[in-house]
Every structure is written in C-alpha cells, then in structure tokens.
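Written below as structure tokens is the structure these notes are about.
The values are calculated or read from the model by the stated rules, or taken from the named source; none is laboratory data. Quick caveat: nothing in here was measured; it's all calculated off a predicted structure. All Cβ positions, even for glycine, are placed from backbone atoms using ideal geometry, and neighbour counts span all protein chains on display.
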Amino acid sequence: MNELIASIIDRRTIIFANEGRLLKKCFLAVCVLALAFQQGPLGEVVRASMVDAYIQVSVFVGFTLFIFIGLDSLTKFNTDKFLENSKKYHVAIASLLGALPGCGGAIIVVTQYIQGRISFGSLVAVLTATMGDAAFLLLASEPMTGAFIFLLGGTVGMISGYIVDLIHSTDYLQNESKIDLQFEKLEKTFVSKFNLFWCVIFFPGFIIGLLVAFQVDVDALLNLPKELSLVFIIGSIGAFLSIFMWALNPLSDFQCSTDRSRNYVSRVIDTTNFVTTWVICGFLIFEIFMFFTAIDMKSVFSVWLPFVPLIAILFGFLPGCGPQIIVTTFYLNGYIPLSAEMGNAISNDGDALFPAIALAPKAAIVATLYSAIPAVIVAYGYMYLFE
C-alpha cells in the first residue's frame with residue numbers, strides 16, 4: 001500500500017491515484033493462485049489454508065465491516081467541524097478516533113494536524129491509539145481481546161498525547177500549508193460487477209463459519225458424501241473471488257474503506273477482500289514455511305520469546321495495514337503472545353502514516369518514534385506481569 005499516495009501537487013493537495021498499483025496486486029495474486037493450483041501435498045496445504053482463512057476469519061471480518069462501515073455511511077457526523085469546536089479536548093478525541101477500527105478516524109486527525117488545527121500531541125495520540133484494519137481481524141476472531149486492545153490503545157494514546165504536549169509546543173513540527181485531501185473519482189469499478197456474486201458466497205459462508213466456530217461438522221450435518229465438502233467449496237470460491245476482486249480493483253485499499261462518497265456495499269466488499277488477501281498471505285507464510293522445514297514455530301518463538309514483542313513493535317513501524325494483519329494472524333494462530341500483539345497494536349499507525357509521511361515527514365517519524373516508547377513499556381510490562 002505504499003503506492004497509495006501517487007502524487008503531491010504544490011504540497012497542498014493529496015491525490016490518490018491508481019498508477020502502478022494493479023501490476024503489483026496482480027503479481028501477488030498470481031503467485032498465490034499458482035501455489036493453490038500446485039499438485040501434491042503442497043497444493044493441498046495451500047488450498048486448505050485459503051479455505052481456513054476465508055471460513056474462520058474473513059467472513060467474520062466482513063460481518064464486522066458491515067456494522068462499522070454501515071454506521072460510518074449512515075451517519076452525517078461532521079468530524080472536521082466537531083474538532084474545530086472542541087479544541088480543549090483534542091488529545092482525548094484524537095485517541096478515541098484512533099482507537100476505532102479501521103484507518104478513517106486516524107486519517108482525519110492526521111490531516112487536521114497537517115492543516116494546523118490540532119496539536120502535535122494529538123498526532124502522537126492518534127498514531128499510538130490506532131490499529132488500522134488489523135483491528136477488524138482481531139475483533140472478528142476474538143471480540144473480547146479486540147475490545148481490550150481498543151481500550152488499551154485509546155488510554156495509552158491519550159496519556160502519551162498529553163505528555164507530549166507538555167514537552168513540546170502544540171504547533172511543534174507543524175506544516176504551514178493547507179491540505180486538500182482528494183480521491184480519484186470513479187463511478188464504478190470493474191470488480192463491482194461481481195458484488196452480487198460475492199454476497200451470494202459470503203452469507204452462506206458466514207453461516208458455515210459460525211457453525212465451524214462452534215465445532216459443528218457442517219458436511220456431516222448435511223449428510224454429504226465424503227468426496228463432496230460444502231465447506232471446501234464455499235471457502236475456496238470465497239477465497240479465490242476475494243483475491244481476484246482485490247487484485248483487479250483500481251482503487252487504493254485506503255480509499256476502499258475511507259471514501260464515504262462510495263457505495264456502502266462496495267466499501268464493505270472491497271475492504272473485506274483486502275483483509276482476506278493479507279490473511280491468506282499470513283496463513284500461507286506459516287504453512288509453507290512449516291511444510292518445507294517441519295520446524296515447530298511455537299517452540300522457535302518460545303526460545304526467542306524475550307525478543308518477540310520487540311520484533312512485533314518494529315513491524316508496527318511499517319506503513320500500511322498489510323504487515324500488521326500478518327502480525328495479528330501470528331497472534332490468532334498462537335505463534336506469538338498477547339504482549340507482542342499489544343506492542344504491535346500500539347506502535348503501528350496503519351494507513352494514517354501515508355499522508356503524514358507525504359506532507360509532514362519529520363513529524364511523522366518523530367510521532368512514530370514516540371509511539372514506540374509506550375509500546376515497549378506496555379508489551380514488556382504485560383509480559384513480565386502475566387506471561
């Protein structure tokens with residue numbers, strides 16, 4: 001997603017365009033699909049991983065997105081005006097917006113900072129609190145853990161923001177220019193033609209996912225013959241369709257979820273496809289590595305346990321949500337401890353880092369480094385006390 005910001009014009013307008021994006025996405029999709037069509041044990045491992053990723057994770061992410069993006073689409077709340085009228089509480093508001101799942105709230109705060117409307121402490125607060133699109137994955141798979149992480153991120157972000165404002169002036173490293181955030185306007189995308197088919201697969205997939213989560217053997221329940229598996233059919237079609245639609249979508253992954261002018265269902269589907277693709281990549285990294293090495297990943301992480309939270313925190317420095325989704329997938333599969341997931345959630349900035357890097361790079365770097373301090377304290381404090 002580092003191709004998200006295609007150009008900057010007169011340092012006053014950010015334009016999100018699609019040049020070069022499709023080629024990279026298609027290359028990744030072709031690599032995944034090529035592995036899936038391999039014959040023998042490797043192909044079986046890849047196909048099983050894709051089915052598991054869709055049935056066990058993606059359908060719940062999609063359901064969560066229907067709720068959160070639905071609330072965002074149906075409400076007419078003007079965040080810009082609200083921030084303008086509540087200057088005394090900017091750090092707290094920035095923390096709350098950052099803690100919300102997705103990157104929309106964090107992007108709003110970053111652009112407000114670039115325009116000189118909020119303090120540097122508010123910028124630190126939102127980058128510390130946000131978990132980006134990885135939050136949807138965690139919320140869908142472990143709702144209680146997700147709620148805990150959101151509460152933790154918001155609290156740590158607010159404390160960090162107020163401390164930073166005490167250390168620095170409110171206009172520290174602030175850019176003087178006025179920024180106009182714009183999206184490339186497309187009435188419809190090619191992949192939107194498949195939205196109906198996507199829904200036809202998704203809704204039975206969600207029901208199957210619920211049954212599987214409650215340890216119900218769906219195929220046995222339907223009395224299907226051994227050579228026929230409804231779980232495999234729905235999971236395979238859903239996974240392949242998600243990768244196909246994501247790869248051929250000309251819009252940036254950021255615009256898919258954040259641009260409120262787009263159709264509600266398309267926003268949900270496009271964002272779910274993005275998360276699904278990265279979840280599948282995370283599953284494949286595990287399974288293929290284990291297939292070729294036969295190494296017990298849990299044992300490896302146990303040996304290197306003192307360094308695992310630090311590695312997860314360093315991953316959080318990478319812009320975008322893709323790497324953070326992989327870290328969350330590591331946690332959900334039991335390969336890394338909760339302390340590492342907490343450290344990554346606090347240190348990562350999601351897509352909000354892109355406009356900050358583009359127009360206020362020094363502030364973005366300093367704010368990110370500030371967010372690493374509470375990440376280290378919280379991650380290793382939790383590890384020492386509870387793990």
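Quick one: in region 134-184, of everything that is modelled with pLDDT of 75 or more and of a type in the set (Asp, Glu), which residue is nearest to Ile114 (Cα to Cα)? Top of the filtered list is Asp165. Screening the candidates Leu97, Leu42 for the property of being over 16 Å from the mean Cα position of the chain (by Cα), surrounded by 13 or more Cβ atoms within 10 Å (Cβ to Cβ) and either modelled with pLDDT of 85 or more or part of a helix (DSSP H, G or I) (or both) yields one hit, Leu42.
Select, from Phe82, Phe68, the only residue that is of a type outside the set (Asp, Glu), in contact with a strand residue (DSSP E or B) (Cβ under 8 Å, 6 or more places away or on another chain), at pLDDT below 75 and farther than 27 Å from Met290 by Cβ. The unique qualifying residue is Phe68.
Residue-by-condition table, conditions (1) modelled with pLDDT of 90 or more; (2) farther than 21 Å from Ala99 by Cβ:
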| position | (1), (2) |
| --- | --- |
| Phe286 | no, yes |
| Ile313 | yes, no |
| Leu332 | no, no |
| Ser347 | yes, no |
| Leu353 | no, no |
| Ile357 | no, yes |
